[in-house]
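First up is the structure itself, then whatever we jot down about it.
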Amino acid sequence: MAPLLDRDLERYVHDHTEPPPALLDELREHTFASDPRAGMQVGRVEGALLKLLVSLMQARRVLEIGTFTGYSALSMAEALPPDGELITCDRDPDVTRVARSFFDRSEHGKKIRIALGDALETIRALPASPAFDLVFIDADKERYSAYFEEALPRVRRGGLLVADNTLWGGEVLAPESADGRAIAAFNDLVARDPRVEQVMLSVRDGVTLARKR
Ligand code: SAH
Ligand code: CA
């Protein structure tokens, strides 16, 4: 992922954003030390944004598509009430094992349920109610549009869909890869969908917020 801001500004943004609890720093460092894909973690700024969105939405039910080692899930779970629930989907048992081991060390971990398996199948098996207050889409890019279509009916009116990496390192301007084309198609789909009111934020690699009308 090519950063959109230069290194100094990215650092400045980082330094002026609410720091996470020590356990999240440890999770980030553990992932960087043990997994070459660690850059997929949302990190401090986007983690703080997600947590704030969960707070602002006064969310009780959150769906996450793409757990990896759990940084974004644990960030969001911190802002849920004690009886809140976050369902997070991933098909990779190796990364979700790491995620669970960190969730179990947090007082917020009991709010998180990991759904192991193909995310699209997991979502399709979820009933329409109780609805979700917030959905975070961050798994395989080629299926972003499918995740959006399946998730939207399961979000309450006024609920929020959040999608990560929607600028795809700037490649959306002239997509070359399959992932770049899929993200660009997703962005067009959201932009013309009358069911949502959306804004693209140039945070990190691009974060789209879409509120269900
Ligand atoms: N939100 C995470 C990063 C997610 S990375 C964080 O902040 O740390 C994307 C994840 O999506 C990977 O762990 C990958 O295993 C998962 N994934 C990719 N395709 C999937 C699919 N079809 N079903 C479920 N999970 C999938
Ligand atoms: Ca991501």
- [ ] Output the antiparallel fraction of DSSP beta bridges having both residues in the chain, as a percent to the nearest 5.
- [x] 35
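Determine, for the chain, the count of lysine pairs separated by eight or more sequence positions (or lying on different chains) whose alpha-carbon distance falls under 23 Å.
Numbers: Lys51/Lys110; Lys51/Lys111; Lys51/Lys141; Lys51/Lys212; Lys141/Lys212.
Close lysine pairs found across the chain: 5.
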Task: Rough spin-label spacing in nm, given labels placed 7 Å along Cα→Cβ, for Asp140 and Ala33 - done: 3.2
TODO: Would you mind calculating the gained length between Arg213 and Glu149 on full extension (0.36 nm times residue separation, minus the Cα-Cα distance), in nm to one decimal?
DONE: 21.6 nm
Task: Interchain or long-range residues, amide H under 5 Å from Cys89's placed H - done: Glu64, Ile65, Gly66, Thr67, Ala115
Task: Translational D in µm²/s for the chain (Stokes-Einstein at 10 °C, 1.306 mPa s, Kirkwood Rh from C-alpha pairs) - done: 92
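What is the Rg over Rh value, at two decimals, for the stretch 83-207, using alpha-carbon atoms and the Kirkwood definition of Rh? It would help to have the intermediate numbers written out before the result.
Numbers: Rg = 15.4 Å, Rh = 15.7 Å.
With Rh from the inverse mean 1/r over Cα pairs, Rg/Rh is 0.98.
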Task: Glu29 - accessible surface, heavy atoms, 1.4 Å probe, Å² rounded to 10 - done: 110
Open item on the list: Quick check: from the Cα gyration tensor, does the stretch 6-97 come out rounded (a/c under 1.5), prolate or oblate?
Closed with: oblate
Task: Residues whose placed amide H lies under 5 Å from that of Val155, excluding near-sequence neighbours - done: Phe132
Task: Highest-MSF residue in the chain out of Arg154, Arg105, Arg97 [GNM, Cα springs under 10 Å] - done: Arg105
Open item on the list: Run the simple label-point estimate for Leu173 and Asp104 please: 7 Å along Cα→C-beta, distance reported in nm.
Closed with: 4.8
- [ ] Please list 34-44, 6-16 highest first by mean number of surrounding beta-carbon atoms within 10 Å per residue.
- [x] 34-44, 6-16
TODO: Quick one: pull the percent of accessible area on the chain belonging to carbon and sulfur, 1.4 Å probe, ligands and nucleic acids left out.
DONE: 54
- [ ] Specify the inter-centroid distance of the stretch 26-103 and the stretch 123-143, based on alpha-carbon positions, in whole Å.
- [x] 15
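So with the 1.4 Å probe, I'd like the accessible area per residue for the stretch 18-98, rounded to whole Å².
Numbers: 3450 Å² over 81 residues.
Per residue, the stretch 18-98 has 43 Å² of solvent-accessible surface.
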TODO: Round to the nearest 0.05 the FRET efficiency obtained for His14 and Gln58 when R0 = 35 Å and r is the Cβ-Cβ distance.
DONE: 0.85
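At 0.36 nm per residue, minus the direct Cα-Cα distance, what do Arg124 and Arg97 gain on full extension? Give it in nm, one decimal, please.
Details: separation 27, 0.36 × 27 = 9.72 nm, distance 2.36 nm.
Here the answer is 7.4 nm.
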TODO: Please sort 194-200, 53-59 by packing, taking for each peptide the average over its residues of neighbouring beta carbons within 10 angstrom, highest first.
DONE: 53-59, 194-200
Open item on the list: Amide H of Val135 versus every other amide H placed in the peptide plane: which residues, excluding those fewer than 5 positions away on the same chain, fall under 5 Å?
Closed with: Leu63, Leu160, Leu161, Val162
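Calculate, in nm to one decimal, what Glu26 and Ala185 gain on full extension: separation in residues at 0.36 nm each, minus their alpha carbon distance.
On the way: separation 159, 0.36 × 159 = 57.24 nm, distance 3.59 nm.
Length gained, Glu26 through Ala185: 53.6 nm.
The values are calculated or read from the model by the stated rules, or taken from the named source; none is laboratory data. Predicted, not measured: the structure shown is a model, and the values here were computed from it. With ideal geometry, Cβ positions are generated from the backbone for all residues, glycine too; neighbour counts draw on all protein chains shown. Just the protein is used for accessible areas: all its heavy atoms, side chains included, with ligands, DNA and RNA removed. Shrake-Rupley method; radii C 1.70, N 1.55, O 1.52, S 1.80 Å.
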